[in-house]
Amino acid sequence: MQTHTVFPTLNPAQLEAVHHLTGPCLVLAGAGSGKTRVIVHKIARLLQAGYEPGQIAAITFTNKAAQEMRERAKELVGPKAAKHLVISTFHSLGVRILRAEGAKLGLKEKFSILDSDDVLSILKDAGASTDNALARRWQWTISAWKNQGLNSAQAEAAAEDDDDRVAARIMQRYEERLAAYQAVDFDDLIALPHKLLLRDEAVRAKWEATLRYVLVDEYQDTNAIQYELLKSIVGERALFTAVGDDDQSIYGWRGATIDNLKRLPQEYPLLKVIALEQNYRSTGNILRAANNVIGNNPKLFEKKLWSAFGDGEPVRVVECDGEEHEAERTVARIQALRGGAATASDSAQVELKDFAVLYRANHQARVFEKALRKANIAYKVSGGQSFFDRAEIKDLCAWLRLLVNPDDDPAFLRSVTTPKRGIGTQTLTALGEFASKWKTSLFEALFAQSLGTAISARAIGGLHEFGRCVNDLEYRARHTVGAEDAKVFLMGWLKDLDYEKHLLDGEDSEKLAASRWSNVLDFVDWIAKRCGGQIENDGGLSVEVERKSVLDVAQTISVIISLAERGDDQNVVTLSTLHAAKGLEWPHVMLSGVNEGLLPFRSEDDDMTEERLEEERRLMYVGITRARTTLSINMLRRRKRGRDTIQGVPSRFIAEMKLDENTAREDPRDKLKALRAAAALRAEKASKLPTD
DNA sequence: TTTAACAAATTTTTT
DNA sequence: ATTTGTTAAA
């Protein structure tokens, strides 16, 4: 086979992973080893081998990951094939199976899917409790059981204490209600298809034939029931590729189990195990620290990252006197690195988006936010689900932006089509051409005399009506002042738009539409609140604020949005939890609060099990391997706990990095590999490097 | 007993 | 920021 000429930019291990099509395959993809690249190339290889796009399934954990993978696939295999690939999350695959086969489980065709809030209120009802915290604990417990494949009877039998027994009884009532409502929860989306495939061999065989080849991303994050589902789908032929990294398994608390990795070689003796050990991301010093830390965990599979890049700068340990001091030093470091590169003409400019501050728990972000604001450095807090990212909020923001600035063409395009008002692509394309010919904005072009030459009279009517509507809204927004009036105005506007109906039309689930509508109402309140009356300032003081018009508020919102909309080119410092940072990378990474108690995390009355510690260690490993060129480890000599300050103890992970040992300790074979690869790298002049 | 005011604490997150 | 727990006053 001429295979090695087909994808010449892959390294040998990657090639092996891509070309092994005949049986089960496990790819141990170390951090930064080009994991997604392998998956996407393997998809291309499968197509080349005669698979239809619809027969190849790539399973991810998040919709975002699925979307990104489809994008990457599009680049390689073209939009036509990429469109038909089954790239979906475990849960959407579950929905797909249930929609097709649900009748066999007694589900009607249009069963509803309960979100976490729905489940919570059902549980409160079933348990005759109004206590949110308690209900959430039940929810948590029940979800954990379901993810282990237990039903209420089995859970009751396995219950260890009274809390468990109570939860099991509530679970039973919960199950009855779900059946009565014809509803399923998120856990059922995996559990029910699994149950069905197990029970009905004909159905199972059908899905095995439909999804002939299955690729699973982030395999280390699968839970017990997901593993079973996967096993059912692939059947005896076992044509699948699991891609994962046992060292990056950080979701044990959510039910993920690396037993799934252990079981794979046992249950599939033909399993081909391929380790991707070449890292295309970090310097030698960073990788050595990472390897040293993770070396303290027991190994499932032998795997050691190496890099063709040089040693780079040493990893720094920064000792701080407290949280504020840490934030200050972090800001200082950002400014120093940026300043330094700006004067060196030949080195690339260091940008804000090159920095990330990573921490264990969300609340740690606060101090950094404050310090960055003070220093006038733009930042974003990732992980926190942005309210403004929601489609319905973006819709409304587009309108507001248009009111503030009619020449905002993207806002124009979104508004004019939301809700649908009989102005389609044809009209808009013509309008766009007209506008660019005369170098005006779309909105301005609306009223041009000569527009009639480009667009039919009927379409112009619709456009003019839209334009009048915008002008009218702008006038009223300018003259509506104060919270109460603002709310009336906004609600009237939504009614004119018939936006609620638009949501109902656009969503096949009524529930989802309702939740979107409730977001919209929140948004209205949020805006109205800003139009006058009392608001809280930075110090937590309540002050009477100048009454502002809706347009003024819209103005400040559009500033926020235009910042947020820049999306990927958004040039800001990232603040993120370690969990949310997985899969991402930055040139300069700072790990915050690397102290005993915080990382590894340990709460007051909790004796840490070895397993827990190992997961914390993997978290540290994930943090270290996010860094490309520099890594700072921040340690607090003193830290706050409640009102008093306690002494900060350096995390054991700092010692485990063995930063004081110099490069002489390095395995000479690694050195050789690195040299060879470095030479190859230069020869190839590879400009685009794969990342995971 | 109920309410208001204040203090303290807070892991990690997706579907 | 949010939310839970505590304490004091009505």
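For the stretch A:145-225, the relative contact order comes to 38 percent (Cα pairs under 8 Å, sequence separation of at least 6). Using the Karplus relation 6.51 cos²θ - 1.76 cosθ + 1.60 with θ = phi - 60°, the per-residue 3J(HN,Hα) values for the stretch A:9-18 come to 8, 8, 7, x, 5, 4, 4, 4, 5, 5 Hz, with x marking Gly and Pro. Would you please classify the overall shape of chain A from the alpha carbon gyration tensor, given that a ≥ b ≥ c denote the square roots of the eigenvalues, rounded means a/c under 1.5, and beyond that prolate means a/b larger than b/c while oblate covers the rest? Note, shape of chain A comes out rounded. Put simply, the amide H of A:Ala275, placed in the peptide plane, has neighbours under 5 Å in A:Leu28, leaving out anything fewer than 5 places away on its chain. With contacts taken as Cα pairs under 8 Å at a separation of at least 6 residues, chain A carries a relative contact order of 18 percent. Protection proxy ranking, highest mean first, for peptides A:455-467, A:165-177: A:165-177, A:455-467, where packing is the per-residue count of other beta-carbon atoms within 10 Å, averaged. Karplus-based coupling profile of the stretch A:167-175, in residue order and whole Hz: 4, 5, 5, 5, 4, 4, 5, 4, 4, with θ = phi - 60° in 6.51 cos²θ - 1.76 cosθ + 1.60 and x standing for Gly or Pro.
Each peptide in A:321-334, A:126-139, A:75-88 gets a packing score, the mean of other Cβ atoms within 10 Å over its residues, and the list from highest to lowest is A:321-334, A:75-88, A:126-139.
Taking amide hydrogens as placed 1.01 Å from N in the peptide plane, the amide H of A:Leu598 sits under 5 Å from that of no residue at least 5 positions away in sequence or on another chain.
When peptides A:618-626, A:433-441, A:91-99 are ranked by their average number of other Cβ atoms within 10 Å per residue, the highest-first order is A:618-626, A:91-99, A:433-441.
For the stretch A:122-257, the fraction of C-alpha pairs more than 22 angstrom apart is 47%. When the helices of chain A are scored as -39500 (n - 2.57) per DSSP H run of n ≥ 4 and the total is divided over every residue, the value at 222 nm lands at -16500 deg cm²/dmol.
Where a number appears in this text, it was derived from the coordinates with a stated rule and is not lab data. No experiment lies behind these values; they were computed from the predicted model shown. Reconstructed Cβ throughout: ideal geometry from the backbone, glycine too, with neighbour counts over all protein chains shown.
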